[in-house]
Amino acid sequence: MSLFPSRSSARDDDDEYTAVPTIPLEDAPLHTQDHPFCYDGACGCHEDHLLVDEINTAYQDGLLTSNEATNVTRGRTV
Ligand SMILES: [Zn+2]
């Protein structure tokens, strides 16, 4: 006998929204654990040997193809 069938799902959306972790954006954008390289080709992240090394390791482990590895270091999603 609910007159507002959409109410509970809207409530769920709210809960989900508040549960999203806030990523600080004061630093350069788009540096995340999954995507350590941003789209800015002038950014130093593309020359960070530790990061590049991780991609190389993933490539050598067969986790990434060479194309994917290149795309990741260019800041694109795989
Ligand atoms: Zn960057």
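Derivation of every value follows stated rules applied to the coordinates shown; laboratory data play no part. This structure is a prediction, so every number in the text was calculated from the model and none was measured. Because the Cβ atoms are built from the backbone with ideal geometry, glycine has one as well, and the counts that use them run over all protein chains shown.
For segment 30-56, the candidate set comprises residues that are within 10 Å of the ligand (Cβ to nearest atom) and among the aliphatic types (A, V, I, L, M); within that set, the residue that is surrounded by the fewest Cβ atoms within 10 Å (Cβ to Cβ) is Ala42. Remark: pairs (first residue in segment 28-47, under 11 Å from Thr73 (Cβ atoms); second residue among the hydroxyl-bearing types (Ser, Thr, Tyr) and more than 9 Å from the ligand (Cβ to nearest atom); Cβ separation under 7 Å; 6+ apart in sequence or on different chains) = His35/Thr77; Phe37/Thr73; His46/Thr73.
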